[in-house]
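The values are calculated or read from the model by the stated rules, or taken from the named source; none is laboratory data. This structure is a prediction, so every number in the text was calculated from the model and none was measured. Neighbour counts are summed over all protein chains in view; Cβ atoms, including those assigned to glycine, are modelled from backbone coordinates with ideal geometry.
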Amino acid sequence: MKKIAYLLLLACLVTFQSCFEIIEQVFLKNDGSGNFQLTINLSKSKTKINSIMKMKTVNGHPVPSEEQVRQKIKTIENTVSKTDGISNVKTTIDFDNYIATISCDFSKVSQLNAAVKNINDKENGKTKSVENIYEYNASTATFSRLNKFSLKKDYNKMSNADKEVFTTANYTAIYKFESSVTTASNRAAKISPSKKAIMLKQNALDVITNNKSIENKINLTK
């Protein structure tokens, strides 16, 4: 979650002090290609955000303008577009409902990992690079969502006012497949009646403080 969503709009989310949801969606074909989409949805707090957008600062944080948010998203779009094997990169920003999305096609999962790494390297400079967040083994028909980093230290350094933004935030992961899902390692994940999709929804604060996990190993039919 951190290395895409956290870098994409965390500054805005903390500034806005509002309820939000991060939705991560992956459609994976049997050959390892697919589509990725990330959505950050602040629509439940749009009335509050409308008021905040008229201010210069909130809790000591400068309030970004619409143009600054657009520029940040465009920078990330350009970074992803330059990643080998990534195509059809699209970003949208709805300032009426405060919903931002980025989507792309990938020819194999490792290239999606590379796109995430490129975003991290672009935004964080010389800080430690990210680990892979996805794995796919076609021979065993296994897809994995990994989480080898922690946000707990970053969270603990925040002010109490900034921490409040995460209490009502949610993280949702939706994975869709050509083959049927047989098992999933994360017990909180729910397999759809069609067996072709799986959803995991967690409170963002529980994920940040390591009380709950977003990791999931999903076995598919061969």
statement: Out of (1) modelled with pLDDT of 75 or more; (2) in contact with an Asp or Glu (Cβ under 6 Å, 6 or more places away or on another chain), the one residue 23 does not meet is (2)
task: For the range 151-161, indicate whether the set of residues that are under 23 Å from residue 217 (Cα atoms), at pLDDT 95 or above and either part of a strand (DSSP E or B) or touching a helix residue (DSSP H, G or I) at 6+ places or on another chain (Cβ under 9 Å) (or both) is non-empty.
output: no
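Yes/no matrix, rows are residues, columns are (1) more than 15 Å from residue 141 (Cβ to Cβ); (2) β-branched (Val, Ile, Thr); (3) modelled with pLDDT of 90 or more:
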| site | (1), (2), (3) |
| --- | --- |
| 167 | yes, yes, no |
| 173 | yes, no, yes |
| 201 | yes, no, yes |
| 204 | yes, no, no |
- prompt: Restricting the first residue to the range 151-178 and requiring it to be free of Cβ contacts under 8 Å to residues at least 12 places away in the same chain, which pairs with a second residue that is surrounded by fewer than 17 Cβ atoms within 10 Å (Cβ to Cβ) and in a loop (DSSP other than H, G, I, E, B) meet a Cβ separation below 9 Å and a spacing of at least six or different chains?
  reply: 156/209
query: Just one of 103, 87 is assigned to a strand (DSSP E or B), surrounded by fewer than 18 Cβ atoms within 10 Å (Cβ to Cβ), at negative phi and in contact with a Lys or Arg (Cβ under 6 Å, 6 or more places away or on another chain); which is it?
result: 103
- line: Filtering the range 171-184 down to residues that are farther than 13 Å from residue 220 by Cβ and surrounded by fewer than 18 Cβ atoms within 10 Å (Cβ to Cβ) yields 172, 174
query: Would you call residue 127 at pLDDT below 90 and either among the polar types (S, T, N, Q) or closer than 21 Å to residue 39 by Cα (or both)?
result: yes
Verdict on residue 131 being of a type in the set (D, E, K, R), more than 17 Å from residue 23 (Cα to Cα) and outside any loop (DSSP other than H, G, I, E, B): no
message: Consider the range 162-181. How many of its residues are among the basic types (Lys, Arg) and outside any helix (DSSP H, G or I)?
response: 1
message: Six or more apart or on different chains, Cβ atoms under 7 Å: show the pairs whose first residue is in the range 47-64 and at pLDDT 70 or above and whose second is surrounded by fewer than 12 Cβ atoms within 10 Å (Cβ to Cβ) and of a type in the set (A, V, I, L, M).
response: 63/55
query: How about the range 185-222: which of its residues are surrounded by fewer than 18 Cβ atoms within 10 Å (Cβ to Cβ), among the β-branched types (Val, Ile, Thr) and more than 19 Å from residue 27 (Cα to Cα)?
result: 209
message: Going residue by residue through the range 107-119, is there one that turns out to be out of contact with any strand residue (DSSP E or B) (no Cβ under 9 Å at 6 or more places or on another chain), modelled with pLDDT of 85 or more, outside any helix (DSSP H, G or I) and not hydrophobic (A, V, I, L, M, F, W, C)?
response: no
